1. If you scan region 176-206, which residues turn out to be more than 29 Å from residue 110 (Cα to Cα), touching a helix residue (DSSP H, G or I) at 6+ places or on another chain (Cβ under 8 Å) and either aliphatic (A, V, I, L, M) or surrounded by fewer than 16 Cβ atoms within 10 Å (Cβ to Cβ) (or both)?
2. Evaluate region 77-95: report whether one residue or more is surrounded by 22 or more Cβ atoms within 10 Å (Cβ to Cβ), in a strand (DSSP E or B) and either modelled with pLDDT of 95 or more or not aliphatic (A, V, I, L, M) (or both).
3. Quick one: in region 162-175, of everything that is closer than 15 Å to residue 225 by Cβ and of a type in the set (Val, Ile, Thr), which residue is surrounded by the most Cβ atoms within 10 Å (Cβ to Cβ)?
4. Which residues, taken from region 112-127, are under 13 Å from the mean Cα position of the chain (by Cα), closer than 11 Å to residue 31 by Cα and in contact (Cβ under 8 Å) with a residue 60 or more places away in the chain?
5. Looking only at region 157-184, how many residues end up being touching a strand residue (DSSP E or B) at 6+ places or on another chain (Cβ under 8 Å) and aliphatic (A, V, I, L, M)?
6. Does at least one position in region 41-51 carry a residue that is touching a Leu at 6+ places or on another chain (Cβ under 8 Å), part of a strand (DSSP E or B) and surrounded by 16 or more Cβ atoms within 10 Å (Cβ to Cβ)?
7. Regarding region 95-111, can at least one residue be identified that is free of Cβ contacts under 8 Å to residues at least 24 places away in the same chain, assigned by TED's automatic domain parsing to the domain that holds residue 8 and farther than 17 Å from residue 11 by Cα?
Amino acid sequence: MESNGMRHITTRGIVLSRTDFGEADRILIFLTPDHGKVRAIAKSVRKSQSKLAGSIEIFSVSEVTLVQGRGELKILISARLDKHFGNIVKDIERTNLAYDFMNLLNRATEDQPEPAYFELLRESFGALDNSETDMALTSLWFNMQLLKLAGHMPNLRTDGSGAKLQVRKTYTIDLERMLLQPSRNGSLSANHIKFLRVGFAARRPKVLQRVQEAGVLAAICQPLVQAMLKSHIRI
């Protein structure tokens, strides 16, 4: 929501990065569903009596209200905590992975990313907040969704010649064209390809956990998806 007269913006935001500024201020980059990435200064937020501090926690979704300041920065004038994924910080590996997700999205997106990027980060935090959700599968799902949103999803239906993929063959992938190629020494079997299809189509990471031998399949697919990211996404 935006008020043109007062130049107020009220929206939901997830903190992508934060940098201490001056004696008590902090510069924040919010990822929002309707205004893209928003850079704002939170004045006096590092003071112990700050009313804003508890409402813009890391790994949270907050409702924030901002006004245009001088230059490119907006000024955060109020915030209300909507959802805090507090279990993430109870595990150092989950904490590090959550920071990785934030950094990846910050580097991989321009100033006006589509709303789906906000939902991707929110859903990923929700998965990391749940100790029953496998971290490796969450990471793989996040990377696949990032590729998909950026328009770099591989063709998992036909090979480089246009022929349908066959169950008894194994495949390698041409990273430049994002096409599968038949190969006797290929690391991708029919089961791996089916697993990738499920991952790219899944709306939540936990869908991958329902696949039989998901961990074994992910061990082959994760390095491949990482290679795709390095080839096509600015990370």
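The values are calculated or read from the model by the stated rules, or taken from the named source; none is laboratory data. Keep in mind that this is a model prediction, so the values were computed, not measured. As a convention, Cβ positions derive from the backbone with ideal geometry for all residues, glycine included, and neighbour counts pool all protein chains shown.
1. 180, 187, 188, 191
2. Within region 77-95 (the criterion being surrounded by 22 or more Cβ atoms within 10 Å (Cβ to Cβ), in a strand (DSSP E or B) and either modelled with pLDDT of 95 or more or not aliphatic (A, V, I, L, M) (or both)), the answer is no, since none of the residues qualifies.
3. Across region 162-175, the extreme among qualifying residues is 173.
4. Listed by number, the residues that qualify are 113, 115, 117, 118, 119, 121, 122.
5. Selection size over region 157-184: 5.
6. Yes, that holds for at least one residue.
7. So far as region 95-111 goes, no, none of its residues is free of Cβ contacts under 8 Å to residues at least 24 places away in the same chain, assigned by TED's automatic domain parsing to the domain that holds residue 8 and farther than 17 Å from residue 11 by Cα.
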